[in-house]
Every structure is written in C-alpha cells, then in structure tokens.
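The next block holds one structure in the form of structure tokens; read it before the comments.
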Amino acid sequence: MKDTLEEFTLFIKEAFMSELPIQPNDDLTALGVYDSISKLMLIAAVDRRFEVVLTPQQLKRCKTPRELYRLVVGE
Amino acid sequence: MRDKLVNASLRGVATCVPGKVVTLDELYSGYNDAESVKQLKKAAKLTPDLGGRHVVNSTTTAMDLANRAASHLLETLRWDPLSIDVIITSTVEPDALVPSAGYNSHKLLGLSSNCMVIDTTLTCGAFVTALWFAAGLLTTGTFKRALILFGDALSTELEPKDLLSRAMFCDAGSAIAMEHTPNRTPISFICGVDVSGLDTMTLLGRGYRQNQESPYLSIDGLKLGAFFYGKIPALLDNLACFSNTPIGEVDYLFLHQPNQFMRSALLSKIGIPEQKAPSTQYGNCGGSTIPAIICDNWSSRERTPLSIYICGFGAGYSWGALHMMVDELITLPVIIEKDL
C-alpha cells in the first residue's frame, strides 16, 4: 500500500533529520531545510524506500513535500 | 575503459599527515553568523563523528607529505631507491611547475637516472587511474619497480569561510609501491570520465587562463554526490562481471570516502557490510584517501592472498575501480609527522 501524503511528509522530515515540523505545503527552502546535503540525503532515502533515484534537477523543481509526493509516489 | 593487466602487484602503502590538528571548535571559532552555524549543522550531518582535521603548517607542502611517506615506505620495504624504474606523482599543489613535482621527488629520494618521471593532477579519482598507469608499465617487465606518490593539502585551497569543506578535508601525502611479479592473477581495471561534471569541482583561479575566477576550490556537492550515488554501484556491478569476482566474494572494498554520509549511502546501496569496507578517521584526503583507509585498517596479520576491490572517484567526473589479489603487502599505520 502506498504512502499517504502525511506519511511521506514525515518520511521527508526524518530523511532531513529536521528538528522542525514540516507540513505538506511548506516551502522547504523557506524553512531552511532544503540545502544541498539534505537533498542528497533525500535522494538516498527515496532510493532506499521507493527504489527511485531522483536527480538534482527534479529536486530543484519540487518546492514542497506535496510536489515531491507527486513526483515519487504519484497522486 | 576496461583492462586486465598481468605480472604486477601491490607491495607497499604508506600515508603521512601533518602534526597540526584543527578541532571543530577551533575551526568555527569566530564564525557565529547564521551561515556559519548552518554550515556547522551540515558538517555534523555529513560526518557525525567529526574530530579534528590535520592541516599543513605555513612552510609545508602537499609533496612534503608525499615525499616523507615515500621515504618511510622505501625504508620499510628495504628497497634501494636506485631500484625504482618509474615514479608517478599526482598533486594539484606542486612546489613549482618547473621543476615538476616528480622531478623534485626524484631528487629528494635519490632515484636513478634511469628512473622515469610521470606527473599528473588527478585528484580524488587518482588512486585507481595511477595504479593502472603503473601496472601497464610493469606488465611487460621493462619496468620492475614503480613508486606512486599522492600529495594533497586541500586546506590551502579552501576559502576561509568555507567551513563545511574545511571540516571534510584532511591534508595528507601517500606513497604506493608496485612491482613486476610474473605469473600473477590479472588486475582488472574499469576507469572512466564524464566531462558533463567538469564544473562540479574547480580550481579555476590557480590556472593560467586570465580571468576573475576565485582562487579557491569550488565544489558542487549535490551534483557530485547525486552523480556518484548512481554511478558507483553500477561500476562495481560491471567490475564483478569483468573480473568474474562478485562483490560478495571479496575480502575488502576500499572505497573513496568524500564524507561519511556518502560512504554509508553507497555501502547501503551496494549491499556490502561496513566491516568489509573500512573507513579512515582522517576524512577526505583527496588522492590519499584510499591509501589512508588501507593504512588505517590493513594488518600484517591478514591472511593472504586476499581478494580486494578498490574504487576511487572525483573531479571530472572521473572514476576507477579495480579487482586484484593481494599478498605480501606491507603497510605502515598512518604516520603523523610532527614537524610538517
């Protein structure tokens, strides 16, 4: 069974090792948690869990957990 | 590029680091602004057990470290300097352009006038490529002994405010001894280059092209990391087929470690246990990272022969992996040179 948006958002928070809460529509860059290292951590975490290897270009286009969810899990 | 070379073996590895240690507290001392704090958090994510970093003093160069490692190695192996047929150096910080690093090392080590010099600037991906050069020269028997030197003092290339990179890199020099040895199991090499990554690690301001580029090392960690996260597991799969040695059957994988996070992520994807792929406490030492890992972990009590993979990667993009059987390998624990 595929992840819900809320579960995926929690997964992102854990992948980033973020101490701050993250909501599905938050702008990750504005939250200060979407730096190059966090993106690298996300690439590895998404690959482990979903067997999808994201590119830096794809991550650049996705600003929120919701947009990442659409990209990785689908609607 | 795929190649199998016979009649060459790895005989010795030595690594030197300078005595001066900069602790994380010292590194961040005086940097209390938001950007510095952010970099500190990033560094902690990348290298959770980050300790101090060894850096050269103002009078020591990268090749001082490499030459010292070579002296220790020749003495330990009891190799007469006059028996060396070729010296290969890799550094981006030669003492001078002319005479080149290799010629200076040739003089300092007292090598023979028959010993040839090859200078390169291969950076982090250097290890496997340099071993391929050497093995190619040793395979026919015209050259009997090769010495390979790596010198990197990356602390001198980093912008003072680039605290993240300063926390990642350690200055080090290393020396590798290889020898013509008939009837050896072939060493299998796979090396490659993809210049789409040419802008991901640059030191433009130190070249001769007149421009306004920064004199500091510039690194796009995301692009580099994402590229090699995809590339290295596939490279090792190809090596397994080419060498007919599955990764599960090797005794050790010596893998370049840009930082601990990348190392762990790659090992997890490759599916090899951490104890088979040891690391070094000295962090990213450029071309000397793999020698430092070997010196930190190899023990003379190791049963031999051992089946090993070695994999290096870095600027370019460039990468190289090899499989070889190793026996009678002499290594020294990483040497901390108090005077350098």
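For the stretch B:53-117, what class follows from the C-alpha gyration tensor (a ≥ b ≥ c being the square roots of its eigenvalues): rounded when a/c is under 1.5, otherwise prolate if a/b is larger than b/c, else oblate? Can you show the working numbers first?
On the way: a/c = 2.58, a/b = 1.37, b/c = 1.88.
Oblate is the answer for the stretch B:53-117, as a/c is 1.5 or above yet b/c matches or exceeds a/b.
Rounded to the nearest 5, what is the percent of antiparallel bridges among the DSSP beta bridges in chain B? Each step should come with its number before you reach the end.
Values: 39 of 60 bridges.
Among the beta bridges of chain B, antiparallel pairing accounts for roughly 65 percent.
Which one of B:Gly287, A:Thr55, B:Leu203 is farthest out on the positive end of the charge dipole of the protein assembly as shown, using unit charges on Cβ (Lys, Arg +1; Asp, Glu -1) and the Cα centre as origin?
Of B:Gly287, A:Thr55, B:Leu203, it is A:Thr55.
What is the distance in Å between the Cα centres of the stretch B:111-151 and the stretch A:32-61?
Centre-to-centre (Cα) distance: 39 Å.
Calculate the mean, over all residues of peptide A:31-43, of how many other protein chain Cβ atoms lie within 10 angstrom of the residue's Cβ.
Numbers: counts 0, 3, 0, 0, 8, 10, 13, 3, 4, 13, 5, 0, 6.
For this peptide, the per-residue mean of nearby foreign Cβ atoms is 5.
I'd like the Kirkwood hydrodynamic radius of the stretch B:229-321, using the inverse of the mean 1/r over distinct C-alpha pairs, in Å. List each step's numbers first, then the result.
Details: mean 1/r = 0.0739 Å⁻¹.
Result for the stretch B:229-321, one decimal place: 13.5 Å.
Pick out, from B:Gly230, B:Cys241, B:Pro215, the residue whose Cα sits farthest towards the positive end of the charge dipole of the stretch B:182-253, with +1 on the Cβ of Lys and Arg and -1 on the Cβ of Asp and Glu.
B:Pro215
Could you give the C-alpha radius of gyration of chain B expressed as a fraction of 2.2 N^0.38 Å, taking N as the number of residues it contains? Write down the numbers at each step before the final one.
Details: Rg = 19.0 Å, N = 340, 2.2 N^0.38 = 20.2 Å.
This ratio for chain B stands at 0.94.
Only four residue types carry charge here, +1 at the Cβ of Lys and Arg and -1 at the Cβ of Asp and Glu. Report the dipole size of the protein assembly as shown about the Cα centre in Debye, rounded to the nearest 20.
Numbers: 37 positive and 45 negative charges, 103 e Å.
Dipole size: approximately 500 debye.
Scan around B:Thr200 for amide H atoms under 5 Å from its own, H built in the peptide plane at 1.01 Å from N, and keep only partners 5 or more places away or cross-chain.
B:Gly316
Shape call for chain A from the C-alpha gyration tensor, a ≥ b ≥ c root eigenvalues: rounded (a/c under 1.5), prolate (a/b greater than b/c) or oblate? Walk me through the intermediate numbers first.
Details: a/c = 1.34, a/b = 1.13, b/c = 1.19.
Rounded is the answer for chain A, as its axis ratio a/c remains below 1.5.
Among DSSP beta bridges lying fully in the protein assembly as shown, give the percent that are antiparallel, nearest 5. List each step's numbers first, then the result.
Details: 39 of 60 bridges.
If we restrict to bridges inside the protein assembly as shown, about 65 percent are antiparallel.
Which of A:Ala45, A:Ala30, A:Ala15 moves most in a GNM of chain A, Cα contacts under 10 Å?
A:Ala30
Of the listed peptides B:170-176, B:29-35, what is their order by residue-averaged count of other C-beta atoms within 10 Å, with the highest listed first? Don't skip to the answer; put the middle values down first.
Numbers: B:170-176: 31.0, B:29-35: 9.7.
Ranking, from highest mean packing down: B:170-176, B:29-35.
Using a 10 Å cut-off on Cβ to Cβ distances, tally the other chain neighbours for every residue of B:131-143 and report the average as a whole number.
Values: counts 0, 0, 0, 0, 0, 0, 0, 0, 0, 0, 0, 0, 0.
Across B:131-143, the average partner-chain Cβ count within 10 Å equals 0.
Given the DSSP H assignment, sum -39500 (n - 2.57) over each helix run of at least 4 residues in the protein assembly as shown and divide by its residue total; what's the result at 222 nm in deg cm²/dmol, nearest 500? Could the numbers behind the result be given before it?
On the way: 14 runs with 150 residues, N = 415.
About -11000 deg cm²/dmol.
Take every residue in peptide A:47-55, count the Cβ atoms of other chains within 10 Å of its Cβ, and give the average of those counts.
On the way: counts 6, 3, 0, 0, 0, 0, 5, 2, 4.
Other-chain Cβ atoms within 10 Å of each residue's Cβ, averaged: 2.
When the Karplus curve 6.51 cos²θ - 1.76 cosθ + 1.60 is applied with θ = phi - 60°, which whole-Hz ³J(HN,Hα) does each residue of the stretch A:38-51 get, with x for Gly and Pro?
Here the 3J(HN,Hα) series is 4, 5, 5, 5, 5, 4, 5, 5, 5, 4, 4, 8, 10, 6 Hz.
Suppose every Lys and Arg Cβ carries +1 and every Asp and Glu Cβ carries -1, with no other charges. What dipole size does the stretch B:165-296 come out with about its Cα centre, to the nearest 20 debye?
Values: 9 positive and 11 negative charges, 40 e Å.
Dipole size: approximately 200 debye.
Give me the dipole magnitude in Debye, nearest 20, for chain B about the Cα centre, with unit charges on the beta carbon: positive for Lys and Arg, negative for Asp and Glu. Each step should come with its number before you reach the end.
On the way: 27 positive and 33 negative charges, 92 e Å.
Charge dipole of chain B: 440 debye, to the nearest 20.
Assuming a ≥ b ≥ c are the square roots of the Cα gyration tensor eigenvalues, decide whether the protein assembly as shown counts as rounded (a/c under 1.5), prolate (otherwise, with a/b larger than b/c) or oblate.
Details: a/c = 2.12, a/b = 1.51, b/c = 1.40.
Note, shape of the protein assembly as shown comes out prolate.
I'd like to know which of B:Cys16, B:Leu27, B:Leu40 lies farthest towards the positive end of the charge dipole of the stretch B:1-53, counting +1 on Cβ of Lys and Arg and -1 on Cβ of Asp and Glu.
Final value for the positive-end residue is B:Cys16.
Determine, for B:Asp64, A:Asp3, the number of other Cβ atoms within 10 Å of each Cβ, and report the residues in order from fewest to most.
Least crowded to most crowded, the residues run A:Asp3, B:Asp64.
Post the alpha-carbon centroid distance, the stretch B:276-317 to the stretch B:52-77, in whole angstrom.
Going from one Cα centre to the other spans 18 Å.
FYI, it's all coordinate maths here, none of it is from the lab. What you are looking at is a predicted structure, and each value in this text was computed from that prediction instead of being measured. Reconstructed Cβ throughout: ideal geometry from the backbone, glycine too, with neighbour counts over all protein chains shown.
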